[in-house]
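Q: Before I ask anything, let me first share the structure, which is written out below as structure tokens.
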Amino acid sequence: LPEATASSDELLSAHPPQSDLSAELASDDECSSSSGAPPPAGCALSAVQLRGEIRAGSPKVVAAEQHPGTFMNPILRGSYADPSIIRVGGDYYMVSSSFEYFPGIPIHHSKDLVNWELVGYALHRPEQVQGEVNLMDVQQDGGIQAATIRYNNGKFYVVTTTVYKPPGSENGKCINFIVEADDVRGPWSMPHVLADADGIDSSLFFDDNGSVWYVGAHSPEHPEYPGQGEIYLREVDLGSWTLKGETSILYHGACGGLWVEGPHIYRHDGRYYLMVAEGGTGFHHAVMAAVSDDIRGPYYSNPRNPILTARHLSYDNWVTRVGHADLVELPDGRWYAVALGVRGDVNRSSNMGRESFLVPMTWEREPDEYNPQYLWPVVAPTTAGVERVNPLPFADLAFLYKAGFRDEFQEADLDLEWNFRRLPTQGTFSLAALSGFMRLFAKPDVMSDSERSRCSLLGVRQEESDFTYRARMLFEPNSSGVEAGVMLWQKDDIYLQYTVSRSTGSWVLSLLFTDRKTPLKTLASANLAGYKGEIIFEVNCSQAGYSFGYSLADSEESMGLLEEAPADMLVYNGYTGAYLGIYSSSGGQQPQ
């Protein structure tokens, strides 16, 4: 499939390639000839040229323009959950969960906490995810969860959990591992699996005396109620990548202790501070804090917990499900927190799912009537919650709103914004087969949860509820049964498929939909009498709903309308958010 490109009102700068991902996953030379001869069987005769535009709804843009000296939350729009942040000198770095997607563990960089650039991934090579860390046939909502980034003595570390259930089994396994790099942009090491680390949501703490500690979350040996969580600590040897010494049980939560997870430890005011998430990642999500004079405890829980949440606000608040936070200290001694939340754009939720938000914080000592007068983190000290519009952390630096993506496939490597569901198979795409195009090769695989599909599908995160997405596609297969076009999806079993196919000599444009309550069905279709091998897809979404347009002319000004649909068809359904992308399949048959 030829070139894919996308455009927006404000174009994002090109990203330098992080690795030879395109070379490793592109088609073999024999399948990518530009001589004009058809590729051999197994390489699709489908071709997609994408010129997409994802724009923000104008009310959201105006909010920032009318308030100079401010920034808008979320700071990472789209499916970037479980943020973890560090500062190295004057640079800030943040990682996010990536679940079943590849490349895995996105890494963003900023100089001012509000303008962020995607600079790489901690899991960016196929060999990193083909062993105990498995992104080949991982179940949806499995994979990489709750990564933590830390920096010590010139080296970056990311520690995280991958959750994997073998096909046909309900018994999963949590594997905790560390990757390291001298340069945050990579290359990153192979995963160092910590064999004795059970549970989820791993974190690292480098103490002043040189010791390194692993902190994680698991269920107690004898839980007192369903969902009870427990935070534990062990020392870690980074030379042998093993845990050592005794296990210390640190904390069972503050407000019921349900799903206590996401732990981080900080050293401040001569003490150790433990911060955790609690309540699950739904409407009761919250952040709790505790303090100890000894890293092994006992930890004294903050009597004013939770320190950050939206559980006390209306379900109709602009953002809910706030929790899973990390803290960062600025060079001038000020502090900020990053946390996840879900915007309430559609039915108290959104298509984007869990995103990353920035919240100011400070430290306050307990008043005189308390003993021993601990210093506590106070998050959102004047607003008591996450605000949409906030004062800039650095008043002399401007917030530059970006909600778009453009890729004209002029580079040798795939843009960092593109993601695959699971590690794609060899020969999925080529950037070299046709200059200025990305070829996406049709395979028999189709989008399917039961098959844990590695179909020919790639996409970028949906960043706003209001958007326009366009794709220009060249597509003229020799055989029937091959289809290609655009895909909008939440999961393997929740998606909108908008494709062209050839059937009994006719070209057909079809819009299909499925979710967990609806078997795959056709919402609309039309014969393309004037189809000559090229089409422009256009998908618009607003509060009024989706509209699915197309043009057979070499112009975006002559769009026809195929169908309209409700805006809540792809609303957040747990863990990950919506993607917009391109897709091709030969429908279970080998393409000819």
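Q: Express as a percent, rounded to the nearest 5, the fraction of DSSP beta bridges in the chain (both residues included) that run antiparallel. List each step's numbers first, then the result.
A: Working: 159 of 164 bridges.
Roughly 95 percent of the DSSP beta bridges within the chain come out antiparallel.
Q: How many Å³ per residue does the convex hull of the Cα positions in region 108-164 occupy?
A: It comes to 122 Å³ per residue, whole-number rounded.
Q: Across region 406-423, in residue order, what do the Karplus-derived ³J(HN,Hα) couplings come to in whole Hz, using 6.51 cos²θ - 1.76 cosθ + 1.60 with θ = phi - 60° and x for Gly and Pro?
A: Computed from phi, the couplings for region 406-423 are 9, 9, 9, 6, 9, 9, 6, 10, 5, 4, 4, 5, 6, 10, 10, 7, 6, 5 Hz.
Q: Filter the trypsin sites (Lys or Arg not before Pro) in region 59-146 down to the DSSP loop ones having no more than 16 other Cβ atoms within 10 Å, then list what survives.
A: When the trypsin sites (Lys or Arg not before Pro) of region 59-146 are filtered for loop state and at most 16 Cβ neighbours within 10 Å, LYS111 remain.
Q: DSSP loop (so not H, G, I, E, B), at most 11 other Cβ within 10 Å: list which GluC sites (Glu not before Pro) in region 501-584 pass both filters.
A: Those that pass, being in a loop and sparsely packed, are GLU557.
Q: Still on this structure, please answer the following. How much accessible area per residue does region 475-592 have, in Å², with a 1.4 Å probe? Before the final figure, lay out each step's value.
A: On the way: 4900 Å² over 118 residues.
Accessible surface, normalised per residue, equals 42 Å².
Q: Highest first, please rank the peptides 225-235, 481-491 by the mean number of other Cβ atoms sitting within 10 Å of their residues.
A: 481-491, 225-235
Q: While we're on this one: Once phi is turned into θ = phi - 60°, what whole-Hz ³J(HN,Hα) does the Karplus curve with 6.51, -1.76 and 1.60 give for every residue of region 91-99, x standing for Gly and Pro?
A: Per residue, the Karplus-derived 3J(HN,Hα) values read 10, 10, 10, 9, 10, 9, 5, 10, 6 Hz.
Q: Take the solvent-accessible surface of the protein heavy atoms, probe 1.4 Å, and return the percent of it on region 68-179 that carbon and sulfur atoms account for.
A: Working: 1350 of 2910 Å².
Here it works out to 46 percent.
Q: Could I ask something else about it? Rounded to a whole number, what % of the accessible area of region 355-448 do carbon and sulfur atoms account for, probe 1.4 Å?
A: Answer for region 355-448: carbon and sulfur cover 49 percent of the accessible area.
Q: While we're looking at this one, here's another question. Where a ≥ b ≥ c are the square roots of the eigenvalues of the C-alpha gyration tensor, would you call region 509-592 rounded, which needs a/c under 1.5, or, failing that, prolate if a/b is larger than b/c, or oblate?
A: oblate
Q: Can you show me the helix-derived [θ] at 222 nm for the chain, built from DSSP H runs with n ≥ 4 at -39,500 (n - 2.57) apiece and divided by the number of residues, rounded to the nearest 500.
A: Calculated from helices alone, the mean residue ellipticity at 222 nm is -500 deg cm²/dmol.
Q: Loop only per DSSP, at most 14 neighbouring Cβ atoms within 10 Å: give me the GluC sites (Glu not before Pro) in region 408-448, ordered by residue number.
A: GLU411
Q: Would you please give the residues with an amide H less than 5 Å from that of GLU408, counting only those at least 5 places away or on a separate chain, with H modeled from the backbone geometry?
A: ALA6
Q: Still on this structure, please answer the following. Can you spot the lysines whose alpha carbon is less than 23 Å from LYS517's alpha carbon? Ignore those fewer than 8 places along the same chain.
A: LYS491
Q: Further question on the same structure: Among all the aspartates and glutamates, which ones have a C-alpha under 13 Å from LYS173's C-alpha, if same-chain residues fewer than 8 places away are not counted?
A: Straight-distance partners of LYS173: GLU132, ASP196, ASP198.
Q: From the convex hull of the Cα coordinates of region 80-217, what is the mean projected area in square nanometres?
A: 8.4 nm²
Q: What's the ranking of 90-96, 388-394 by average number of surrounding C-beta atoms within 10 Å, highest first? Walk me through the numbers before you get to the answer.
A: Numbers: 90-96: 20.6, 388-394: 16.0.
Those peptides, ordered most packed to least, come out 90-96, 388-394.
Q: Please state the shape class of region 439-592: rounded when a/c is under 1.5, otherwise prolate if a/b exceeds b/c and oblate if not, all from the C-alpha gyration tensor. Kindly include the intermediate steps, with their values, before the conclusion.
A: Numbers: a/c = 1.72, a/b = 1.13, b/c = 1.52.
In terms of gyration-tensor shape, oblate.
Q: After finding the eigenvalues of the alpha carbon gyration tensor for the chain, what semi-axes result from the square roots of 5 times each, listed largest first in whole Å?
A: 43, 26, 21
Q: Please calculate the 1.4 Å probe accessible area of TRP363, with all protein chains present, and give it to the nearest 10 Å².
A: 40 Å²
Q: Ignoring ligands, DNA and RNA, what accessible area per residue does region 200-307 give at 1.4 Å, in Å²?
A: That works out to 41 Å² for each residue.
Q: So what's region 333-489 giving for Rg/Rh, alpha carbon basis, Kirkwood Rh from the mean inverse pair distance?
A: Result: Rg/Rh = 1.14.
Q: Moving on. Using r as the Cβ-Cβ distance of THR247 and GLN426, and R0 as 51 Å, what FRET efficiency do you calculate, to the nearest 0.05?
A: That pair, THR247 with GLN426, gives E of 0.75.
Q: Normalise the Debye intensity by I(0) for region 279-345, one equal point scatterer per Cα, no solvent, then take log10 at q = 0.15, 0.17, 0.21, 0.26 Å⁻¹ and round to two decimals.
A: Log-scaled intensity ratios, in q order: -0.59, -0.72, -0.93, -1.09.
Q: Not counting ligands, DNA or RNA, and with a 1.4 Å probe, what is PHE99's accessible surface area in Å² rounded to the nearest 10?
A: About 10 Å², rounded to the nearest 10.
Q: Continuing with the same structure: For region 119-133 and region 382-437, what is the separation of their C-alpha centers, rounded to whole Å?
A: Cα centroid to Cα centroid, the span is 19 Å.
Q: A follow-up question, please. For region 333-426, compute the orientation-averaged projected area of the C-alpha convex hull (one quarter of its surface), in nm².
A: Across all orientations, region 333-426 yields a mean hull projection of 12.2 nm².
Q: Next question, about the same structure. Over region 395-538, what is the relative contact order in percent, taking alpha-carbon pairs closer than 8 angstrom and at least six residues apart?
A: On the way: 217 pairs, mean separation 24.5, N = 144.
Rounded, it is 17 percent for region 395-538.
Q: Follow-up question, since we're still on this one. Is there a quick way to get the dipole size of the chain? I mean about its Cα centre, with the Cβ of Lys and Arg at +1 and of Asp and Glu at -1; what is the value in debye to the nearest 20?
A: Computed about the Cα centre, the dipole is about 840 debye.
Q: Each residue of region 226-235 in order: what ³J(HN,Hα) in whole Hz does its phi give by Karplus 6.51 cos²θ - 1.76 cosθ + 1.60, θ = phi - 60°, with x for Gly and Pro?
A: Coupling constants for region 226-235: x, x, 5, x, 8, 9, 10, 9, 9, 6 Hz.
Q: A further question on this structure: Once you sort the root eigenvalues of the Cα gyration tensor of region 142-290 as a ≥ b ≥ c, which label holds: rounded (a/c under 1.5), prolate (a/b larger than b/c) or oblate (the other case)?
A: Verdict is oblate for region 142-290.
Q: Same structure, new question: Under a crude label model (7 Å from the Cα following the beta-carbon direction), how far is GLU451 from ASN171 in nanometres?
A: 2.9 nm
Q: Jot down the radius of gyration and Dmax of region 208-282, Cα atoms only, both in angstrom.
A: Cα radius of gyration and Dmax of region 208-282 are 13.6, 39 Å respectively.
The values are calculated or read from the model by the stated rules, or taken from the named source; none is laboratory data. These numbers come from a predicted model, not from an experiment. So basically every Cβ, Gly included, is an ideal-geometry build from the backbone, and we count neighbours across all protein chains shown. Note: areas computed on protein heavy atoms with side chains; ligands, DNA, RNA excluded. Shrake-Rupley method; radii C 1.70, N 1.55, O 1.52, S 1.80 Å.
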